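Please read the structure below before turning to the comments.
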Amino acid sequence: MRQQLTILGATGSSGTSTLEVVALHPERYGVYALTAQRNLKKLAGQAVRFRPLVVVVGADSQIDPLRQELALMDPRYTPEILAGTAALEQVAAASTVTTVMAAIVGAAGLASTLAAARAGKKLLLANKESLVMSGRVLMEAVAQGGALLLPVDSEHNAVFQCWPQDGVARKGVSKILLTASGGPFLQTPLHELETVTPDEACNHPKWRMGRKISVDSATMMNKGLELIEACWLFDLPPERVDIVIHPQSLVHSLVAYEDGSLLAQLGHTDMRVPIAHALAYPERHTSGVPILDLTTVGTLQFVAPDRVRFPALALAEHAMGQGGTAPTVLNAANEVAVAAFLEGQLGFRQIPELIEAALSEVSSSSSATLEEVLWADRTARHQAAEWLKNRRP
Ligand code: NAD
Ligand code: MG
């Protein structure tokens with residue numbers, strides 16, 4: 001059956017890679033909706049090419065400018081244009097949609113990701129923040145809605161591919177090993193980290209990604225968020241998720257079994273591979289990326305992470321160990337800190353300081369219902385903003 005797609009966050013790095021894979025297989029995929037917050041020119045170009053029935057923008061004020069943009073590019077194409085969060089939920093849950101790519105960045109993706117889960121869609125999850133901030137709520141929505149949740153994050157997609165297919169074998173899983181590149185500052189002298197710029201932090205050695213996740217990779221909070229993501233996706237406690245630095249980023253993650261076996265997934269550092277896997281699942285088809293030629297890769301290194309250099313790891317482990325809404329607070333404070341860093345208002349090494357302060361100041365509840373998650377998210381953002389205002393210069 002031809003899948004009908006909604007791509008949330010179509011203009012971003014993950015959304016763009018998704019459309020590149022879709023373009024290779026027009027007989028398999030139709031595009032029902034594309035959404036973006038800004039960058040109307042890029043959105044219009046994608047829409048004219050992929051002909052979605054519905055296009056969603058961030059605000060009502062962008063509807064007319066987008067319509068004009070589309071009229072210039074192709075006057076015969078007149079999709080429905082909607083705006084705002086309710087519209088994102090609507091196109092994620094629409095009855096003709098089979099498959100939703102959740103590729104909005106940050107907590108802004110939660111409502112539409114939840115809507116797709118509740119509507120029982122095949123849900124391709126790039127938006128890790130929604131799972132970090134409200135793991136229990138999202139996993140329950142997936143179960144109750146009968147959705148098929150497929151990880152697109154390259155590490156979790158790798159684990160998923162190495163994961164045992166039947167319940168009996170699942171008992172033999174010992175742990176998961178998430179690989180991490182270590183980001184652009186793996187070797188930078190610690191004192192130099194005080195003054196690194198947003199552009200330096202976003203200059204990732206292996207991956208081209210949006211700016212928020214690029215900063216997360218530089219602090220290694222990305223791996224912290226991914227640890228929490230892995231705990232929810234694979235139902236494991238944080239003690240059974242190890243993090244190992246692998247600068248070549250060719251082994252995307254591994255599953256360790258009781259008998260001493262380690263299963264790994266390897267491939268080029270290109271998001272089209274996990275995206276194609278999730279789109280085609282349970283089948284396989286081309287992604288546009290060649291198979292890795294092992295004879296050319298040279299040495300593969302694996303080392304334990306330096307927890308002094310990367311305090312974000314311990315913060316994430318602590319938050320997941322605490323449970324409840326502690327990961328919600330961690331995620332919200334991180335989003336505020338990264339935005340402040342990108343705007344030049346916060347030093348790189350103060351990012352984890354701000355998060356630690358929020359974790360200790362915002363009381364977290366243990367149950368984490370949706371209401372409690374939204375309260376913790378709001379409170380942590382408020383607290384983080386106060387911290388930014390009151391800190392010593
Ligand atoms: P990006 O910044 O390149 O794109 C984000 C997309 O979300 C854009 O289309 C933007 O218009 C939209 N968006 C931003 N704010 C929004 C808002 N408030 N409401 C609605 N839409 C909004 O981000 P990205 O790098 O593609 O990352 C997207 C998600 O995928 C993140 O959660 C990230 O952690 C995850 N992810 C990305 C990669 C990657 O290689 N880029 C890899 C793994 C996971
Ligand atoms: Mg990842």
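The values are calculated or read from the model by the stated rules, or taken from the named source; none is laboratory data. Small disclaimer: the values here were computed from a predicted structure and weren't measured. For neighbour counting, all protein chains shown are included, and Cβ atoms are generated from backbone atoms with ideal geometry for every residue, glycine included. Areas reflect the complete protein model, heavy atoms only, side chains present, ligands, DNA and RNA absent. Shrake-Rupley method; radii C 1.70, N 1.55, O 1.52, S 1.80 Å.
Some points to look at:
- Gaussian network model of the chain, Cα within-10 Å springs - most flexible of ALA33, ALA86, ALA368: ALA86
- Cα-based equivalent ellipsoid of the stretch 18-95: semi-axis lengths in Å, sorted from largest, via gyration tensor: 19, 16, 10
- Order by protection proxy (mean Cβ within 10 Å, highest first), peptides 166-172, 16-22, 59-65: 16-22, 59-65, 166-172
- Distance from the alpha carbon centroid of the stretch 1-46 to that of the stretch 213-244 works out to 27 angstrom.
- Peptides 182-188, 293-299 ordered by average Cβ neighbours within 10 Å, highest first: 182-188, 293-299
- Here the spin labels are modelled as points 7 Å beyond Cα on the Cα-Cβ line, and at GLU386 and LEU24 they lie 5.1 nm apart.
- Protein accessible area in the chain, 1.4 Å probe - carbon and sulfur %: 53
- Overall form of the stretch 188-269 per C-alpha gyration tensor (a/c, 1.5; a/b vs b/c): prolate
- Listed residues SER287, ALA376, PRO352: farthest to the positive end of the dipole of the stretch 223-378 (Cβ charges): SER287
- Antiparallel bridges, percent of DSSP beta bridges restricted to the chain (to nearest 5): 30
- Cα centroid separation, the stretch 87-110 to the stretch 322-370: 25 Å.
- Dipole magnitude for the stretch 326-393: computed about the Cα centre from +1 point charges on Lys and Arg Cβ and -1 point charges on Asp and Glu Cβ, it is near 280 debye.
- Just checking the listed ones, LEU124, LEU262, LEU330: in the Gaussian network model of the chain with Cα springs under 10 Å, the one fluctuating most is LEU262.
- The simple spin-label model puts a point 7 Å past each Cα toward its Cβ; for THR369 and LYS171 those points are separated by 3.7 nm.
- Taking label positions 7 Å along the Cα-Cβ direction at both LEU262 and ARG67, the computed distance is 5.9 nm, reported to one decimal.
- Cα-based equivalent ellipsoid of the chain: semi-axis lengths in Å, sorted from largest, via gyration tensor: 31, 26, 22
- Put a plus charge on the Cβ of each Lys and Arg, a minus charge on the Cβ of each Asp and Glu, and nothing anywhere else: the dipole of the stretch 102-157 about its Cα centre is then about 200 debye.
- Options PRO164, LEU148, SER134, ranked by Cα towards positive dipole end of the stretch 126-182, top entry (Cβ charges): PRO164
- Between the beta carbons of ARG49 and TYR281, assuming R0 = 30 Å, the FRET efficiency works out to 0.75 to the nearest 0.05.
- ³J(HN,Hα) computed for each position of the stretch 187-195 - Karplus, 6.51 cos²θ - 1.76 cosθ + 1.60, integer Hz, glycine/proline x: 10, 5, x, 4, 5, 6, 5, 4, 10
- Considering all C-alpha pairs of the stretch 1-148, those separated by over 27 Å amount to 16%.
- Converting the Cα gyration tensor eigenvalues of the stretch 178-324 into ellipsoid dimensions via √(5λ) gives semi-axes, longest first, of 25, 21, 16 Å.
- Environment charge of THR11, counting only residues whose C-beta is closer than 10 Å and scoring Lys/Arg +1, Asp/Glu -1: +3
- Result for the chain in a Gaussian network model with C-alpha springs under 10 Å: among ASP306, ASP259, ASP270, the largest mean-square fluctuation is at ASP259.
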